[in-house]
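Contents: one structure, followed by commentary.
What follows draws every value from the coordinates through simple rules; no lab data is involved. Computed from a prediction, not measured in an experiment: that's the story for all the values here. Cβ atoms come from the backbone with ideal geometry, glycine included; neighbour counts cover every protein chain shown.
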Amino acid sequence: MFEVRDNEPEYALLKDPDSKTHNCYDAPIDMVAAGDALHDKSLNINDDSGVGENPNRYKQHGFYFNADNCIACHACEAACSEKNDNPAHIAFRSVGFVEGGTYPEYRRLNISMACNHCDDPVCLKGCPTRAYTKFAEYGAVLQDPDICFGCGYCTWVCPYNAPQLDPIKGQVTKCNMCVDRLEVGLKPACVSACLGNALDFGVIENIPEGRTQAETEIPGFPRTDITQPNIRFQQTNTLERDMTRVDSTAVKYHRDGSGDFQSTLDPKHGFKREWNLRKLRSREDPLVLFTLISQMVVGTFLLMFIGPMIGLEHLTPAAHSTTYSALLFGLLGIESYALFISTMHLGKPQYFYRAFYNLRYSPVSREVASLALFYNLLGAYTLLVTFPFVVTDWFGMSEATLASLSNIAGWATVIAGPVSLFFMHSIYRIKARPFWNHWQVLTSFYGNMFALGGLLVGMVYVSVLFAQGHQFASLLNVAAWLMLGGLILEAFGLWRHAVDMNKQGGEAAASHYIQCSEFGKTYVTRNSGLLLSIALVFIFLLVSPTGVMGLSSLAVIAIVMLATALIGRALFYVLVTPTTMPGAFFWKNKGFQEHARATGLAEMPQVGVVPDSH
């Protein structure tokens, strides 16, 4: 248990004599009913089996923040980091601010934010390892870093930037509500350290003494319907109509006719189109290759298996057995590489098997499970088709039974592939990342499945048929139609995505603004490459070149398509603007982090900027 000092000040003590029965989201504040088996259970804090005597132990608690009182002294940050022994690059609580007006009519609003221990914690549902638990005690959402394997998905889905991914340790940690202090009747360390009496803590919906408001929103605070956070605000000082962020995020907050502040685009970086090719690199680079390779492998197998059923005799295993087997093993090889780099992308890759722990809720777990199923079915089909004599000799199986088994394995693989890509797409349908939360992700993933799958089959078989002096027009036409369909599907999705991002405004429009300015030339190049690919494939279908001309034309198309796909997927990861809390000039500011790495400031550990990888 936490040791209470003899002279503990009054403001550090919990005191909630009365409380309501339901919160503003109409959820019960009592976490468990009286007499429930969860009562009188120890939290085993530091292996202490004691049970706190707080009479409100099983009620939902939360933070109260009075923005009128906050002076941005950062004492709450310091107290939190000191208690949790956090390094300089990790902060469970952070203070940012927004500002508006000009001198002398300047207004500033400070915001102190940590984990809000939400009623519907998306971090808990998203985590594939089940490292998160929402406890009946105080309603605390706690995370076990020893279970975490460092995928960082919880940092994507949380709208408040509460979970902190440590690239040094390769794991996530977060605010634990100071449950050890709560057990002995003390408020969290950040609250006790607040100089301006801006932070308070207690049973949710209880308004502290001397306060008049308990609002669920404040300018700069993300929407509450995603997680139903347990934090309440007071802000009565007059603010300007537009409050801007001082970090590099291209978002500001505009007061509408109803008096509410809505996030809108703030084109603070101007409209100059740039390349910024170096900024295309990110810690998600392994996922760029992993997603593209997996989509190509799925599409290739679909055409290989279904092709003979629509008249493509060249794709039957018997017609070109060596090519067919080599391509199957090639698919297994490159998919093995894709799975390997995605595993090594984890902070603690040795615990990759924990990805299967949360199949009920986590889209990451579902993607991993479905891709593992596809991979194993592809391997089984490859062995059945490539080494039939081994199966018949070892298991005494007839050729008819073997053919049926191969057919079942093939159809199962055909089904598992697109299903795995659907689960892959669902990972990115995140409300806290509006740029990703669009059906365009699905059209992009399936579009690449058709386009890259058709391209790979075409390149391999056309090369073999050309070397053997055989005609390949019919096969190439089908592959080209598949490529054209996939390219058009992706182009349509990207067009609608750009239109919808601008209409949606806020962080969605900010991402599109960055796409058209900071990466404007790269964005135009990607779009031009996509349109050029469509045009080249369409002309190819009209002309139907054969021989060296046909093979050369396909090679040119392949170069353009692959370059376009790589640039587009890299943009997908670097452009997203999450709905996080505002930062400050030097803290929680992507612009400062880039400056620190470029100038060498990041080499000083006290700056709190570390390599953006793990």
Within the range 4-17, count every residue that is in contact (Cβ under 8 Å) with a residue 60 or more places away in the chain and out of contact with any strand residue (DSSP E or B) (no Cβ under 6 Å at 6 or more places or on another chain). 7
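Quick grid of which residues meet (1) part of a helix (DSSP H, G or I); (2) touching a Phe, Trp or Tyr at 6+ places or on another chain (Cβ under 8 Å):
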residue: 342; (1), (2): yes, yes
residue: 351; (1), (2): yes, yes
residue: 354; (1), (2): yes, yes
residue: 358; (1), (2): no, no
residue: 364; (1), (2): yes, yes
residue: 376; (1), (2): yes, no
Is it the case that residue 227 is surrounded by fewer than 21 Cβ atoms within 10 Å (Cβ to Cβ), closer than 21 Å to residue 30 by Cα and touching a residue at least 40 places away in the same chain (Cβ under 8 Å)? no
Please work out if residue 77 is surrounded by fewer than 13 Cβ atoms within 10 Å (Cβ to Cβ) and either out of contact with any Cys (no Cβ under 6 Å at 6 or more places or on another chain) or farther than 20 Å from residue 233 by Cβ (or both). no
Which of the residues that make up the range 252-263 are farther than 27 Å from residue 568 by Cβ and surrounded by 14 or more Cβ atoms within 10 Å (Cβ to Cβ)? 252, 253, 254, 255, 261, 262
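For the range 108-126, name all the residues that are of a type in the set (Gly, Ala, Ser) and within 21 Å of residue 179 (Cβ to Cβ). If you could, list the steps in order and put the result at the bottom.
Step one: list which residues in the range 108-126 are of a type in the set (Gly, Ala, Ser), which gives 112, 114, 126.
Within the range 108-126, 112, 114 qualify.
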When you check residue 274 against the structure, is it in contact with a Lys or Arg (Cβ under 8 Å, 6 or more places away or on another chain) and surrounded by fewer than 23 Cβ atoms within 10 Å (Cβ to Cβ), yes or no? yes
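Only one of these is in a helix (DSSP H, G or I) and within 16 Å of residue 324 (Cα to Cα): 410, 417. Name it.
It is 410.
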Here's a check for you: in the range 455-472, which residue that is assigned to a helix (DSSP H, G or I) and without any contact (Cβ under 8 Å) to a residue 60 or more places away in the chain is nearest to residue 560 (Cα to Cα)? 467
Here's a check for you: in the range 422-450, which residue that is crowded, with 20+ Cβ neighbours inside 10 Å and over 21 Å from residue 575 (Cβ atoms) is nearest to the chain's Cα centre (by Cα)? 449
Leading residue by the ranking (farthest from residue 236 (Cα to Cα)) among those in the range 198-213 that are assigned to a loop (DSSP other than H, G, I, E, B) and touching a strand residue (DSSP E or B) at 6+ places or on another chain (Cβ under 6 Å): 204
For the range 34-65, what are the residues that are surrounded by 11 or more Cβ atoms within 10 Å (Cβ to Cβ), out of contact with any Phe, Trp or Tyr (no Cβ under 7 Å at 6 or more places or on another chain) and among the hydroxyl-bearing types (Ser, Thr, Tyr)? 42, 58
Of all residues being touching a Leu at 6+ places or on another chain (Cβ under 6 Å) and among the hydrophobic types (A, V, I, L, M, F, W, C) in the range 523-557, which is farthest from residue 482 (Cα to Cα)? Just the residue, please. 557
Output the helices (runs of 4 or more DSSP H) that fall wholly within the range 119-197 and possess 1 or more residues being crowded, with 22+ Cβ neighbours inside 10 Å and over 16 Å from the mean Cα position of the chain (by Cα), or say none. 179-182, 189-193
Could you run through the range 424-454 and say how many residues are assigned to a helix (DSSP H, G or I) and closer than 17 Å to residue 123 by Cβ? 1
Across the range 495-510, what is the number of residues that are surrounded by fewer than 22 Cβ atoms within 10 Å (Cβ to Cβ) and in contact (Cβ under 8 Å) with a residue 60 or more places away in the chain? 4
Of the conditions (1) more than 29 Å from residue 400 (Cα to Cα); (2) more than 27 Å from the chain's Cα centre (by Cα); (3) hydrophobic (A, V, I, L, M, F, W, C), residue 356 satisfies every one except a single condition; which number is it? (2)
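Per-residue answers, yes or no, for (1) hydrophobic (A, V, I, L, M, F, W, C); (2) in contact with a Gly (Cβ under 9 Å, 6 or more places away or on another chain); (3) more than 17 Å from residue 176 (Cβ to Cβ):
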| position | (1), (2), (3) |
| --- | --- |
| 60 | no, yes, no |
| 77 | no, no, no |
| 82 | no, no, no |
| 85 | no, no, no |
| 96 | no, yes, yes |
| 128 | no, no, yes |
| 159 | no, no, yes |
